[in-house]
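This report concerns only the one structure given below.
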Amino acid sequence: MDEQNEMDEHRLLQSMRRALMILSRLKGHQIRLIAMESATLAQEGISSDRVYRIPALEGMSMNGYDFQALYYASFAQAFPSMIDRINLPFSDVYEQALRPHQTNS
């Protein structure tokens, strides 16, 4: 995403927390499917103002922030040894979202 440097970190953190909530309700094979479908969609490029629909999440649409967060979180859970290959520098935000009780400092 060309706009990565301009992303609102607070907004991304909220999106990451939503993504983790969604994934917490799913089984491993569903998370892997979301990660793979997200990777396919991301090949076209990622834009914060685009609307994304992941087939495995029927009826759900999301903006670019939510898509990137779900892409990163699902990939981190399904394929942790390959997370660096998706080229999204969200490890700090992901780790912070895993600890929602801590402050954003």
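The values are calculated or read from the model by the stated rules, or taken from the named source; none is laboratory data. Just so it is clear, the model here is predicted, and its values are computed rather than measured. Please note: Cβ atoms are built from the backbone with ideal geometry, for glycine as well, and neighbour counts cover all protein chains shown. Please note that ligands, DNA and RNA were not included when accessible areas were found on the heavy atoms of the full protein model with its side chains. Shrake-Rupley method; radii C 1.70, N 1.55, O 1.52, S 1.80 Å.
When the residues of the stretch 47-62 are filtered to those that are modelled with pLDDT under 95 and closer than 27 Å to Arg99 by Cβ, which remaining residue is nearest to the chain's Cα centre (by Cα)?
Once the filter is applied, the top-ranked residue is Ser48.
All but one of (1) among the hydrophobic types (A, V, I, L, M, F, W, C); (2) within 11 Å of the chain's Cα centre (by Cα); (3) at pLDDT 95 or above hold for Leu88; state the number of the condition that does not hold.
It fails just one condition, (3).
Residues in the stretch 49-95 that are open to solvent by 30 Å² or more (accessible area, probe 1.4 Å) and over 12 Å from Ser15 (Cα atoms): how many? Spell out the reasoning first.
First pass over the stretch 49-95, keeping only residues open to solvent by 30 Å² or more (accessible area, probe 1.4 Å): 49-51, 53, 55-56, 58-61, 63, 66, 77, 79-85, 87, 89, 91-92, 95.
This time we only want the ones that are over 12 Å from Ser15 (Cα atoms), so: 49-51, 53, 55-56, 58-61, 77, 79-85, 87, 89, 91-92, 95.
Adding up the residues that qualify gives 23.
So, Leu12, is that one buried (at least 19 other Cβ atoms within 10 Å of the Cβ) and either assigned to a helix (DSSP H, G or I) or within 13 Å of the chain's Cα centre (by Cα) (or both) or not? Lay out the reasoning, then the answer.
Details: buried (at least 19 other Cβ atoms within 10 Å of the Cβ): yes; either assigned to a helix (DSSP H, G or I) or within 13 Å of the chain's Cα centre (by Cα) (or both): yes.
Judged against the criteria, Leu12 is a match.
From the set of residues in the stretch 15-46 that are over 13 Å from the mean Cα position of the chain (by Cα) and not in a helix (DSSP H, G or I), which is surrounded by the most Cβ atoms within 10 Å (Cβ to Cβ)?
The residue in question is Leu26.
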